[in-house]
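These notes are about the structure you will find just below.
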Amino acid sequence: MLTKNTQVNRDQLGMITLDQLVPENHLVRKIEAAIDFSFIYKLVENMYSSERGRPS
């Protein structure tokens, strides 16, 4: 049933992590466990500025 949002509902904040969104048996989790993607950092490091912004 649809209801109108009240001011109380709009002021509430819900926290959720990416781990909560991806089911435990999802293919992405199996791929992450099987492949080491750390090599990507070296490939893309020149695309990030060391003087500006936050670290990746």
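Ranked by solvent-accessible area (1.4 Å probe, protein heavy atoms only, all chains present), the residues Ile16, Ile40 order from largest to smallest as Ile16, Ile40.
Taking a sphere under 15 Å around the Cβ of Ser38 and counting the other residues whose Cβ falls inside, with K and R at +1 and D and E at -1, yields a net charge of -2.
The values are calculated or read from the model by the stated rules, or taken from the named source; none is laboratory data. Here the structure is a predicted model, which is why all the values come from computation and not from measurement. Don't worry about glycine lacking a Cβ; one is built from the backbone with ideal geometry, like all the others, and counts go over all protein chains shown. Accessible surface areas use protein heavy atoms only, side chains included; no ligands, DNA or RNA. Shrake-Rupley method; radii C 1.70, N 1.55, O 1.52, S 1.80 Å.
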